[in-house]
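A short reminder: the numbers here are calculations on the coordinates, not readings from a lab. Bear in mind the structure is a predicted one, so any value in this text is a computation, not a measurement. Quick reminder, even Gly has a Cβ in these numbers, built from the backbone with ideal geometry, and neighbours come from all protein chains shown.
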Amino acid sequence: MIQTKTVSSMTSASVFDSKMNQILKDLQDNGYKILDVKLASSFWFDYVGMITYE
């Protein structure tokens, strides 16, 4: 079953990157297959990521 997880953060890019990497690692450690990762920045310190997995 395909699922998505949205991650948003109003921090620096490095903090957001660490948060995304931890979520990706947790999903993989729990046996999920990562299908797609999309990243966007809408404002200066507003980052959004969407992870698609099954």
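Return the loop-located chymotrypsin sites (Phe, Trp or Tyr not before Pro) in the stretch 19-54 (DSSP other than H, G, I, E, B) with at most 14 other Cβ atoms within 10 Å of their own Cβ; answer none if there are none.
Taking the stretch 19-54 and a limit of 14 other Cβ atoms within 10 Å, the loop chymotrypsin sites (Phe, Trp or Tyr not before Pro) found are Trp44, Phe45.
Taking only DSSP H segments of four or more residues, each worth -39500 (n - 2.57), what value at 222 nm results for the chain once the sum is divided by all its residues, to the nearest 500 deg cm²/dmol?
Using -39500 (n - 2.57) per qualifying helix, the result is -10500 deg cm²/dmol.
Scan the chain for trypsin sites (Lys or Arg not before Pro) in coil per DSSP, keeping those whose Cβ has at most 14 other Cβ atoms within 10 Å, and list them by number.
Listed in order of number, the matching sites are Lys33.
Which residues does a label at Glu54 reach in the stretch 1-18, if reach means a backbone N under 11 Å from a point 7 Å past the Cα toward the Cβ?
Answer for this model: 1-3.
Over all directions, what mean area does the Cα convex hull of the chain project, stated in square nanometres?
Working: hull surface 13.3 nm².
If I average the Cα hull's projected area over directions, I get 3.3 nm².
Taking only Cα atoms, what is the 0 to 90° angle, nearest 10, from helix 13-29's long axis to the longest principal axis of the chain?
10
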